[in-house]
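See structure below.
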Amino acid sequence: IEATVNKLCGIMITKKKKILALATKYFSLPELVEIKSRLIGTGFIGGKSVGMLLARKILSQNKSLKWQQICEPHDSFYIGSDIFYSYMVHNRWWKLHMQQKTQEGYFTIAKVLKEKMLYGVFPEEIMERFQQIIEYFGASPIIIRSSSLLEDDFGNAFAGKYESIFLANQGTPEERYIKFAEAVKRIYASTMNEDALVYRKQRGLDKLDEQMALLVQRV
């Protein structure tokens, strides 16, 4: 069981040692299986999702807080970090993505890539999974939150650098899907925001991969 917990944490939660140590200490195997059941696609669930889940788990173990009486159960979904790359590849932007990582293209190519990312299309299997999320939440309002791999890490908060988008989630299923997909694209495009790029550069993170996972929550 311990080996399986370590393996699942290493492929869904994080590769970073400090957070990984907390995850393997606090998450049980059933809890990780539950996270996996609500993960769309593959990859990591991202820093914001990990922070939320770890905080809930740590607080729930403090008996003096009576946390179970205070905190409602959540039914969040996680859009895996690999979908960010799938979106890039599907729309044939991988060459631009690699050019943006160079010193010359770091800011200039980012502007081009940001504009394109607002108007791409998702692979059909991803569209189907997005529709399942919308069907699950029904007419409940939702928020789609950035949860990148570098976000909410030790020493790197990225507070306010990426977008989170509230959706009233009203209208026909088709209208709700269009709004949902647009929100995902806007958050993906926010990885190319100048503020975020400057922040990454200041902290020596500009050469690292910044994949965007997403946290989808009922409001």
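The values are calculated or read from the model by the stated rules, or taken from the named source; none is laboratory data. Because the structure is a prediction, the values reported are computed rather than measured. A quick note on method: Cβ atoms are made from the backbone with ideal geometry, for glycine too, and the neighbour counts reach across all protein chains shown. SASA here: full protein model, heavy atoms, side chains in, ligands and nucleic acids out. Shrake-Rupley method; radii C 1.70, N 1.55, O 1.52, S 1.80 Å.
The slack in the chain from Lys18 to Glu124, taken as 0.36 nm per residue of separation less the alpha-carbon distance, amounts to 34.5 nm.
In the context of the full protein assembly, Val219 retains an accessible surface of approximately 100 Å², using a probe radius of 1.4 Å and ignoring ligands and nucleic acids. Placing a pseudo-label 7 Å from each Cα along the Cα-to-Cβ vector at Leu205 and Glu115 gives an inter-label distance of 2.7 nm.
Give, in nm to one decimal, the length gained when the segment between Glu2 and Asp75 is fully stretched (0.36 nm per residue of separation minus the Cα-Cα distance). Display every interim value, and only then the final one.
Values: separation 73, 0.36 × 73 = 26.28 nm, distance 2.57 nm.
Roughly 23.7 nm would be gained on extension.
Over the chain, what percent of the accessible surface lies on carbon and sulfur atoms, probe 1.4 Å? Display every interim value, and only then the final one.
Values: 6520 of 11640 Å².
Reported share for carbon and sulfur atoms: 56 percent.
Protein heavy-atom accessible surface, 1.4 Å probe, per residue over region 1-131: 58 Å². With each label modelled as a point 7 angstrom along the Cα→C-beta vector, the Gln170-Arg218 pair spans 2.0 nm. Using all Cα-Cα distances in region 74-151, what percent lands in each 5 angstrom bin from 0 up to the longest? Reading the bins upward from 0: 3, 12, 19, 21, 20, 11, 7, 5, 1, 0. Return the subset of Lys15/Lys111; Lys18/Lys201; Lys25/Lys66 for which the Cα-Cα distance in this structure is over 26 Å, preserving the input order. Too far apart for the 26 Å limit: Lys15/Lys111.
For region 104-219, what value does the Rg/Rh ratio take when both radii are computed over Cα atoms and Rh is the Kirkwood radius, given to two decimals? Taking Rh as the inverse mean 1/r over Cα pairs, Rg/Rh reads 1.00. Spin-label model, Gln68/Ser37: points 7 Å from Cα along the beta carbon direction are separated by 1.8 nm.
Taking the helices alone, the chain has a mean residue ellipticity at 222 nm of -14500 deg cm²/dmol, built from -39,500 (n - 2.57) per DSSP H run of at least 4 residues and averaged over all its residues. Shape annotation for the chain: C-alpha extents along the principal axes are 53, 45, 30 Å, from largest to smallest. Treating each Cα of region 1-124 as one equal point scatterer and applying the Debye formula with no solvent, the log10 of I(q)/I(0) at q = 0.15, 0.17, 0.20 Å⁻¹ comes out as -0.82, -0.93, -1.09.
Want the number for Ser28 to Asp82: 0.36 nm per residue separation, take away the alpha-carbon distance, what's left?
On the way: separation 54, 0.36 × 54 = 19.44 nm, distance 2.40 nm.
Length gained, Ser28 through Asp82: 17.0 nm.
Take the Cβ atoms of Thr102 and Ala55, set R0 to 35 Å, and the FRET efficiency comes out at 0.40.
Distance distribution P(r), region 28-96, all Cα-Cα pairs, bin width 5 angstrom from 0: 3, 14, 20, 20, 14, 10, 7, 5, 3, 2, 1 percent.
Using a 1.4 angstrom probe with every protein chain in place, what is the largest-first accessible-area order of Ile165, Ile178? Before the final figure, lay out each step's value.
Details: Ile165 15, Ile178 90 Å².
Per-residue accessible area, sorted high to low, gives Ile178, Ile165.
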